Amino acid sequence: MSEADEARSRVAIALDAAERVVSRLPQRSRTYERARKALADARKWAEGEAIPARQLYDHIHPLTELAEDDGLMGREVPAFNAVLYALYYVTWHADGEEAARNDRDRATLGNDICEVNESVFDRCLAYAEEAERP
């Protein structure tokens, strides 16, 4: 398996975890709707569609603002964090692929993406597990 294929496999696992718990967000909230749209774009990228890293990244901060406005509580918080970490992880990989393809540095997105690494994958899964506990 190539490095790119392995990365997409791990991205798919992170997205699976986030998609399992997104329903823990308040169903009628703006956070839920935006999270579903963001995960749909991320899934398209994972399946090979040409979704730019910038498009994925542009979901992250508005989603965080909506979550703050919606006042998430209880199991909603780790569910949101699983979605957020999955989005960061996908965006990081998308940006890395674009950088390699275009022979450029990764530094085209916000500084927060520079802090993403493989540990974000583990945190995504941990948050999803926490959100799924009864």
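The values are calculated or read from the model by the stated rules, or taken from the named source; none is laboratory data. These figures come from a predicted structure and were not determined experimentally. Using ideal geometry, Cβ is built from the backbone for each residue, glycine included, and neighbour counts are taken over all protein chains shown.
Each residue in segment 81-108 was checked for being more than 15 Å from residue 15 (Cβ to Cβ) and buried (at least 20 other Cβ atoms within 10 Å of the Cβ), and 1 of them qualify. When restricted to residues that are assigned to a helix (DSSP H, G or I) and without any contact (Cβ under 8 Å) to a residue 12 or more places away in the chain, segment 44-60 contains 2.
Checking every residue in segment 2-20 against the condition of being among the polar types (S, T, N, Q), outside any loop (DSSP other than H, G, I, E, B), modelled with pLDDT under 95 and over 25 Å from residue 111 (Cα atoms) gives at least one match.
Scanning for something assigned to a helix (DSSP H, G or I), under 17 Å from residue 17 (Cβ atoms) and at pLDDT 95 or above, does segment 65-75 turn up at least one residue? Looking for residues that are assigned to a helix (DSSP H, G or I), under 17 Å from residue 17 (Cβ atoms) and at pLDDT 95 or above, one finds none in segment 65-75, hence no.
Are any of the residues in segment 14-37 among the β-branched types (Val, Ile, Thr) and under 16 Å from residue 127 (Cα atoms)? Give the steps one after another, and end with the answer.
Restricting attention to segment 14-37, the residues satisfying the condition of being among the β-branched types (Val, Ile, Thr) are 21-22, 31.
Narrowing further to those that are under 16 Å from residue 127 (Cα atoms): 21-22.
Yes, segment 14-37 contains at least one residue that is among the β-branched types (Val, Ile, Thr) and under 16 Å from residue 127 (Cα atoms).
Of all residues in segment 50-77, count the ones that are touching a Phe, Trp or Tyr at 6+ places or on another chain (Cβ under 8 Å) and surrounded by fewer than 20 Cβ atoms within 10 Å (Cβ to Cβ). Spell out how you get there, then give the answer.
Of the residues in segment 50-77, the ones touching a Phe, Trp or Tyr at 6+ places or on another chain (Cβ under 8 Å) are 51, 56, 60, 67, 72.
Filter once more, so that each one left must be surrounded by fewer than 20 Cβ atoms within 10 Å (Cβ to Cβ): 51, 60.
Number satisfying all stated conditions: 2.
Listed conditions (1) surrounded by 15 or more Cβ atoms within 10 Å (Cβ to Cβ); (2) part of a helix (DSSP H, G or I) are all met by residue 116, apart from (2).
Does residue 41 qualify as being farther than 19 Å from residue 123 by Cα and in contact (Cβ under 8 Å) with a residue 40 or more places away in the chain? So residue 41 fails the test.
Taking the conditions exactly as written (aliphatic (A, V, I, L, M) and farther than 22 Å from residue 130 by Cα), does residue 25 satisfy them or not? No: the conditions fail for residue 25.
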